[in-house]
Number of protein chains: 2
Amino acid sequence: MTPGVPALLAAALVLGGCVTTRPAAVTAAAPAQQPSLYATTWTYGSAEAAALGLQAYSALTNYVAGRLPALQGAAPFESALVTGIDGAGRPQRALCTAAMRAHPAVVLDIDETGLLNSGAQYYAAQGHPYDEAEWARWLDDRAAQPTPVPGAVAAIAALRRLGVTPIWISNATNSRRDATVRALAGAGLGDAVPLETLFLRDDIAPGSDKQPRRLNVAERHCIIAMVGDQVGDFTSLIDAGKPPLASRRAAAAGAYAPLWGQGWFMLPNPVYGAWNTPEATLEDAVPQSLRWHPKPQ
Amino acid sequence: MTPGVPALLAAALVLGGCVTTRPAAVTAAAPAQQPSLYATTWTYGSAEAAALGLQAYSALTNYVAGRLPALQGAAPFESALVTGIDGAGRPQRALCTAAMRAHPAVVLDIDETGLLNSGAQYYAAQGHPYDEAEWARWLDDRAAQPTPVPGAVAAIAALRRLGVTPIWISNATNSRRDATVRALAGAGLGDAVPLETLFLRDDIAPGSDKQPRRLNVAERHCIIAMVGDQVGDFTSLIDAGKPPLASRRAAAAGAYAPLWGQGWFMLPNPVYGAWNTPEATLEDAVPQSLRWHPKPQ
C-alpha cells in the first residue's frame, strides 16, 4: 500500500473482511484528495448505499400498506407530520380529518432521496467550487438522463397502486421546474404536477424551511409517511438553533426515536447537507469525551 | 465562505435547506483535508446517521417479531442465511430444522453495526496511517468507554425478550477477545460468549470470509435475520470477484433486492470497508455514462 494511504483504508483490511479478488481500481486519474471523496464514492458507487435505499423504500411501502386499514377506520389517525413539541418534549403529530383521509399521501425529498445526482457529484468531488449557474445546467442535463435512488421506482409504483399520492418537496430552485418534472418522470418516478405534487424552494413561502410546504400539503392530504436524506425533510425542529451533535442527540432522543423507520424514512447522504453547513469538523462530530489517540505505553 | 470550500458545501445551501442559526463550528484545529472527512463527521456526528441506525434496528425488531409465528408453525421456515445461488440467479436461503427453530438467532457484525468506533476514527481522520498495534490499543481502550450504534441497545434487549439470541460475527482480531466482550457488555449490548455468541476473525476457519462462521452458527440456530454495515456481513457472494459497481448492481438486483430490510438490515458506513479496499476512485463509483461536467455554452 502506498505511503500516506489513509488509516481507514488499511483498517478496512482488518475490520472489513477484505476481499482481495477484486481487480485493482481503474486509475484514469489520481484520486482526488477531497474531503468528500469517500462519502461520494460510497454514496454513488457502493453496494451498501444501494442496499440502504432498497431497505428504506421497502420499509416505507410496508409501513404505508400497514397503515391503510387504520386510515379507513373510525379512530383518530395520526399523520407523520409533526406540528410542534408538547410540554413533555413529545412531538405532536397532526391528526387527519375525514376529508384528508380520503387523500392519503407520502411526502418525499428529491435530491439523494428520489434521484441520485451522481453526475454533478462526480464533478464536484474533483474540487470544483459550487457555482449556481453550473448547478442549474446540471438540473437541465439531468432531465435527459436521470438516475433514481435504488428502491424508489418500485416504492412509488406501489404507493400509487395503494391509492397513495407521492408528493415531492425539494429545495431545488424553482427556476428549473420543468427540468425537475422531466427528471422525475424520466427516472420512472411518475408525473409530478407543480404546486400539487411538486413543491420547490420558495414555493408557498420564501426560503428553505420545508414546514410551510408540508403544512400546505396537509391542508388537502393525510401525510402517512415522509422520506428524505436530511432531518429538515421531516421537521424543522431538530436542527433548530443547535450545533450538529445536539441535533444528533435530539434526533435519537426518546421523543423522535420511534418515528425513524415508522413513518419517517431516511436515505443516506454523507456528501452534503445542513449537517455539513458550515463544514463540520472532527471536533463537531466527536465529543470531547470520545476523542482518542493511542497513549504512550 | 472561504475559498476552496468544497463545492458540495455550497451546494448544500441550495439543496439542503440550510439552517443558519447554528453557531460557527468550533475550530480547535484546522479541518483535516482527508478524503474521509465528510464520511467521518457524518457517520459519527450527524442526526441523519443516528436516524439510520434507529431505523435499521426498528425494522429488525419488527421483522423478527413478525416472523416468530411462522417459526413456531408447521410450514418450512426460510432463514436469512443464503447458502448459494440457483440456476436462475436466485439466492438459496437455508431452511431451519425443528431443532434449529427452537434456537432462533440474529447474526450481527460489531464495528459500525453494534459499536461505534468514534474515538479511533477521530484519530484516523487526522491522517494517521493504519497501525495494527495502535488498533489493538484502541480495542483495549474502547472496552472502558464503548459507544453503541443508535438503536442497537433497544433492539438487542427486544430480541432477548422475544427469546432470540444475538450472535456477533466480527473480523476484529481474536487477540482482543476479552476486550471485545467487555466493550459489548459495557455498551449495553449484553454478554457475549466466545465461540457461542461471539465469533472473531480466524475463529472456526482462518481468514475474513464470514460464511464459515455463519454456517457454523446455523448448525445450532435458526438465523432469522442479519445485521451489518458491509455486504460481506450478509453474504460472500455479492463481492465475489467483482469491481465495486458490479457489486452494487448485484446487491440491487432482483435476486437480492427483496432481502434488504426484510431479513437483512444495513447500517451506514461510508468511512471504510471492502467497498473502499483498494480505495475507490470516482471512476469506480460513477460509470462512464453518468460522468458529467458543465458543457461550454
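Per-structure values
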quantity: Dipole in debye (nearest 20) - chain A, about Cα centre, beta carbon charges: Lys, Arg +1; Asp, Glu -1; calculated: 760 debye
quantity: Relative compactness, the stretch B:110-219, computed as alpha-carbon Rg over 2.2 N^0.38 Å; calculated: 1.08
quantity: ³J(HN,Hα), Karplus 6.51/-1.76/1.60, whole Hz, each residue of the stretch A:59-69, x for Gly, Pro; calculated: 5, 4, 4, 5, 5, 4, 4, x, 8, 5, x
quantity: Accessible surface buried once B binds A (1.4 Å probe; total of both sides; Å²); calculated: 11500 Å²
quantity: Spatial separation of Cα centroids for the stretch B:196-253 and the stretch B:85-130, in angstrom; calculated: 7 Å
quantity: Solution diffusion estimate, µm²/s, Stokes-Einstein, the stretch A:156-297, Kirkwood Rh from C-alpha pairs, 20 °C, viscosity 1.002 mPa s; calculated: 124 µm²/s
quantity: Other protein chain Cβ atoms within 10 Å, averaged over every residue that makes up B:135-143; calculated: 3
quantity: Accessible area of chain B divided out per residue, in Å², using a probe of 1.4 angstrom; calculated: 36 Å²
quantity: Rounded percent of accessible protein surface that carbon and sulfur make up, the stretch B:117-205, 1.4 Å probe; calculated: 49 percent
quantity: Distribution of pairwise C-alpha distances over the stretch A:41-86, 10 Å bins, in %; calculated: 21, 30, 27, 17, 4
quantity: Dipole magnitude of the protein assembly as shown, debye to nearest 20 (Cβ charges: Lys/Arg +1, Asp/Glu -1, about Cα centre); calculated: 1200 debye
quantity: Cα long-axis angle, helix B:152-161 against chain B (0 to 90 degrees, to the nearest 10); calculated: 10 degrees
quantity: Rg/Rh for chain A, where both radii come from Cα atoms and Rh is the Kirkwood radius; calculated: 0.99
quantity: Karplus-derived 3J(HN,Hα), 6.51/-1.76/1.60, for each residue of the stretch B:271-286, Hz, glycine and proline x; calculated: 7, 7, x, 4, 4, 10, 10, x, 3, 6, 9, 4, 5, 5, 8, 10
quantity: Shielding score for B:125-134, defined as the mean number of other chain Cβ atoms within 10 Å; calculated: 6
quantity: Equivalent ellipsoid dimensions for the protein assembly as shown as semi-axes, Å, which come from the Cα gyration tensor, largest first; calculated: 34, 30, 23
quantity: Cα-derived Rg to Rh of the stretch B:26-163, Kirkwood definition; calculated: 1.09
quantity: For A:Cys222, residues with placed amide H under 5 Å, excluding near neighbours; calculated: A:His103, A:Ala105
quantity: Of B:Tyr123, B:Thr180, B:Gly232, farthest towards positive along the dipole that unit charges on Lys, Arg, Asp, Glu beta carbons give the stretch B:120-276; calculated: B:Gly232
quantity: Length-normalised contact order of chain B in % [C-alpha pairs under 8 Å, at least 6 apart]; calculated: 23 percent
quantity: Residue-averaged [θ]222 nm for the protein assembly as shown, counting only DSSP H segments that reach four residues, each worth -39500 (n - 2.57); calculated: -10500 deg cm²/dmol
quantity: Peptide A:242-253, shielding by other chains (average Cβ, 10 Å cutoff); calculated: 5
quantity: Where only C-alpha atoms are counted, convex hull volume of the stretch B:65-134 per residue in Å³; calculated: 190 Å³
quantity: In order through the stretch A:135-146: 3J(HN,Hα) via Karplus (6.51 cos²θ - 1.76 cosθ + 1.60), integer Hz, x for Gly, Pro; calculated: 5, 4, 5, 4, 4, 5, 5, 4, 4, 7, 8, x
quantity: Calculated diffusion of the stretch A:31-109, Stokes-Einstein form, Kirkwood radius summed over Cα pairs, 37 °C and 0.692 mPa s, µm²/s; calculated: 206 µm²/s
quantity: Geometric extent, Cα atoms of the stretch A:230-280 - Rg, Dmax (angstrom); calculated: 10.7, 30
quantity: Length released on extending from A:Arg291 to A:Glu196, taking residue separation times 0.36 nm less the Cα-Cα span; calculated: 29.4 nm
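The values are calculated or read from the model by the stated rules, or taken from the named source; none is laboratory data. Only a predicted model underlies this, so the values are computations on that prediction, with no experimental measurement involved. Neighbour counts are summed over all protein chains in view; Cβ atoms, including those assigned to glycine, are modelled from backbone coordinates with ideal geometry. Please note that ligands, DNA and RNA were not included when accessible areas were found on the heavy atoms of the full protein model with its side chains. Shrake-Rupley method; radii C 1.70, N 1.55, O 1.52, S 1.80 Å.
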